[in-house]
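Below is one structure, written out as structure tokens; comments come after it.
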Amino acid sequence: MTIDIKHGSPRFPTASSSISASSRKEMDAALQQLQANKNAWVALPVSERIVILDRLMRDFHAIAQRWVDAAVKAKGIPVDSPAVAEEWGAGVWPVMKSLRQLRRVLGEIAQAGHPTIPGPVTTRPGGQVVAQVFPLTPYDRIFFMGVTAEIWMEPGVTADTMRQTQAEIYHDKNHEGKVALVLGAGNVSSIAPLDILYKLFEEDQVVIIKMNPVNAYIGPLLSECFRALIEPGFLRVVYGGASEGAYLCNSELVDEIHITGSDKTFDAIVFGTGPEGAAHKANHEPLLHKRITGELGNVSPVIVVPGPWSNADLNYQAEHLVTMLANNAGFNCNATRVIIQHSGWQQREQLLQQMREVLKQVPPRNAYYPGAQDRQRAFVADHPEAEQYGLAASDQLPWTLIPGVDAQNSDDVCFTTEAFCGLFAETPLEAGSVTEYIDRAVAFCNNELWGTLNATILVHPKSLKDPQIKEAVERAVGNLRYGSIGVNYWAGTGFAFGTTTWGAYPGHPLHDIQSGTGVVHNTLMFAHPQKSVLRGPFRATPKPAWFVTQGKTARKVFPKLVAFDAAPSPLKVPGIMWTAITG
């Protein structure tokens, strides 16, 4: 088995599944049913779609515990481990939250013709329109105190055109229906259902989902809880690996494709495989002429802005940074891969040392995703100075930190390749001032790191009192070419918020796709988003439940949040907040 670590995401070995692959006859029958029903979905009134969403919420909530149990078992997470909380927080809760948001938005469309934007709509210097999309509800303000999120529209969009194109599929029902193939992700169980919901409710396309062999075990549960879409013929679930995926991609009955996975898989779909595929890509000659969208990973950076950090600040942000890696054992496309620091910051080593202390406390996790052991070894072979933490068993990996990577070495594997395991690096940048450092860090992210999915900035509030630093941070937010940006809040959490977009920064050509093209989630249904920007407190109180050090609290909080979104009530709020504060 070969691990390709020459730019972009690594090649993953083939995964096996206990569920038999669907036959071509079964896949053809599924596609024929969807083709027969695609225009019926387009014509389905909003009121009937709301009925479907109500049933989806009930049915999904009914199997939520089984969904978590299946993922915990498959990933080898001990049932008493705090890591079980991740399957609630990243697996179940984002789906329930998006279902609730879609239900709300469709109700607004039925009443007013368009979704309501919950926050102000502003225009930045230069004309770029920004809409605040989070918090969406008063409950969001309580559960995520101090956290806001905006969607920045593409240049050329005005406040008027933004509103006119919002939820545009519900304005014009004369368009032809389409059948979308969704190639599911194998790492996070919420990705497949969220992609399905996006295609159906925001792009008006019926869906055939091919489950990823890594988490095909979710397929039967998905078929059970999404019966409201399957029974009328708007959704079909099939199984298999690369050969089944290739067959579906090339079927004349598939109109569009969406993939969450590797850029190498994307290239194989668009250009073909082997030397011929490489030649087609080099010549910009795609073999596939259908619309294809995809989210394909990232070497995700965190820019640490120097400032007057206290010991409590260092401890908090060390937990924050380690969480960005350790969540889901490091098998996340939004996991931090490169931490950028000012080489002259006196507290640089203190932050690294505190991160080491946190890494020592986090138990090693099963390396359940295919090829993880080989990828980690390949990085360590290039960097024998890599530090490894945790006594890992044979089926586990230690947490791996590679400090002090030379920023001048643009071909370093840490900059060109997404590790996709529990490994990250740190690199120092030289600069004569903090503002110069911020500008250089942005240029480094944009020009040296592979991918454009998400980036995070950490900056102390006292630093922001300096007008020049504040201006430099805002300039950084504007100039970073990433689909999601977080300021003092892990940008990767934007995946779960629903109202924010999730996807690469727009503009990648097919022959240099990097993190992908198109977006998902985006439940307020903006037609031309450029990026989402999240902002949070430098130190939140209570500490976010999704922190890796908060697993015991999160195991109680996230099931309650799921139950809340299944049936919101102010009577449930005190119990959720009490649990978040006291554990």
- Query: From the phi of every residue in region 338-346, what ³J(HN,Hα) in whole Hz does the Karplus formula 6.51 cos²θ - 1.76 cosθ + 1.60 yield, where θ is phi - 60° and glycine or proline is x?
  - Reply: 9, 9, 9, 10, 6, 4, x, 6, 5
- Taking neighbour Cβ counts within 10 Å as the exposure measure, how do 194, 397, 510 sort from fewest upward? 510, 397, 194
- The ³J(HN,Hα) series, computed from each phi in region 563-574 with the Karplus coefficients 6.51, -1.76 and 1.60 at θ = phi - 60°, rounded to the nearest Hz and given as x for glycine or proline, is 5, 5, 5, 5, 7, x, 7, x, 5, 8, 5, x
- Under 5 Å between amide H atoms, partner at least 5 residues away or on a different chain: which partners does residue 366 have, H built in plane at 1.01 Å? none
- Task: Using only the Cα atoms of region 453-583, build the gyration tensor, take square roots of its eigenvalues as a ≥ b ≥ c, and label the shape rounded, prolate or oblate: rounded if a/c is under 1.5, else prolate if a/b is larger than b/c, else oblate.
- Result: oblate
- Item | Charge dipole (region 276-387, unit charges on Cβ, about Cα centre) - positive-most of 282, 386, 298 | 282
- Task: Among (1) 1.23; (2) 0.94; (3) 1.06, find the value of Rg/Rh (Cα atoms, Kirkwood Rh) that was calculated from the structure presented, and write down its label.
- Result: (2)
- Query: Once the dipole of the chain is set up with Lys and Arg at +1 and Asp and Glu at -1 on Cβ about the Cα centre, which of 180, 169, 451 lies farthest towards its positive end?
  - Reply: 169
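Please report 349, 150 as a ranked list, fewest other C-beta atoms within 10 angstrom at the top and most at the bottom.
Values: 349 11, 150 23.
By the 10 Å Cβ count, ascending, the order reads 349, 150.
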- Between 81, 425, 564, whose Cα lies farthest towards the positive end of the dipole of the chain when Lys and Arg beta carbons carry +1 and Asp and Glu beta carbons carry -1, centred on the Cα centre? 564
- Item | Backbone HN-Hα couplings from phi across region 157-162 [Karplus 6.51/-1.76/1.60, Hz, Gly and Pro as x] | 7, 9, 4, 5, 5, 4
- Item | Spin-label model distance (nm) - residue 223 vs residue 47, 7 Å beyond Cα toward Cβ | 3.4
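Suppose the chain between residue 173 and residue 19 were pulled fully straight at 0.36 nm per residue; how much longer would it get relative to their current alpha carbon spacing?
Details: separation 154, 0.36 × 154 = 55.44 nm, distance 3.84 nm.
Stretched out fully, the residue 173 to residue 19 stretch lengthens by 51.6 nm.
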- Just check region 142-238 against the gyration tensor rule for me: Cα atoms, a ≥ b ≥ c as the square roots of the eigenvalues, rounded for a/c under 1.5, and otherwise prolate or oblate depending on whether a/b exceeds b/c. oblate
- Task: In nm, give the distance between the simple-model label positions of residue 288 and residue 541, each being 7 Å from the Cα along the Cα-to-Cβ direction.
- Result: 5.1
- Query: Taking amide H positions as placed 1.01 Å from N in the peptide plane, with prolines and chain starts having none, which residues 5 or more places from residue 483, or on another chain, fall under 5 Å of its amide H?
  - Reply: 453, 454, 505
- Query: Out of the DSSP beta bridges found with both residues in the chain, what percent are antiparallel (nearest 5)?
  - Reply: 35
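Please report, in debye to the nearest 20, how large the charge dipole of the chain is about its Cα centre when each Lys and Arg carries +1 at its beta carbon and each Asp and Glu carries -1 there. Display every interim value, and only then the final one.
Details: 50 positive and 56 negative charges, 327 e Å.
Once rounded to the nearest 20, the dipole reads 1580 debye.
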- Near the amide H of residue 425, under 5 Å away, which other amide H atoms are found, from residues 5 or more places off or on another chain, if H is placed in the peptide plane? 338, 339, 402
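Work out, step by step, the length gained on full extension between residue 373 and residue 511: first 0.36 nm times the residue separation, then minus their alpha carbon distance; give nm to one decimal. Can you show the working numbers first?
Values: separation 138, 0.36 × 138 = 49.68 nm, distance 2.93 nm.
Using 0.36 nm per residue and subtracting the Cα-Cα distance, I get 46.8 nm.
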- Query: If you take the beta carbon distance between residue 279 and residue 251 as r and set R0 to 35 Å, what does 1/(1 + (r/R0)^6) give as a FRET efficiency, to the nearest 0.05?
  - Reply: 0.90
- Message: If R₀ is 45 angstrom, what is the calculated FRET efficiency for the pair residue 479 and residue 39, using the beta carbon separation as r and rounding to 0.05?
- Response: 0.55
- Item | For region 300-482: rounded, prolate or oblate by the Cα gyration tensor [a/c cutoff 1.5] | prolate
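By how many nm would the segment from residue 385 to residue 54 lengthen if fully extended, with 0.36 nm per residue of separation less the alpha-carbon distance?
Result for the pair: 113.8 nm of gain on full extension.
Which order, highest average first, do 197-203, 306-312 follow once you tally other Cβ atoms within 10 Å for each residue and take the mean per peptide? Mind showing how you got there, number by number?
Working: 197-203: 22.9, 306-312: 14.9.
By packing density, highest mean first, the sequence is 197-203, 306-312.
Run through the DSSP bridge list for region 300-482 and note the antiparallel percent, rounded to the nearest 5. Intermediate values should be presented prior to the final figure.
Values: 5 of 20 bridges.
Restricted to region 300-482, the bridges split so that about 25 percent are antiparallel.
None of the figures in this text is laboratory data; all of them are computed from the coordinates on show. The structure presented is a predicted model; accordingly, all values stated were derived computationally and were not measured. Cβ atoms come from the backbone with ideal geometry, glycine included; neighbour counts cover every protein chain shown.
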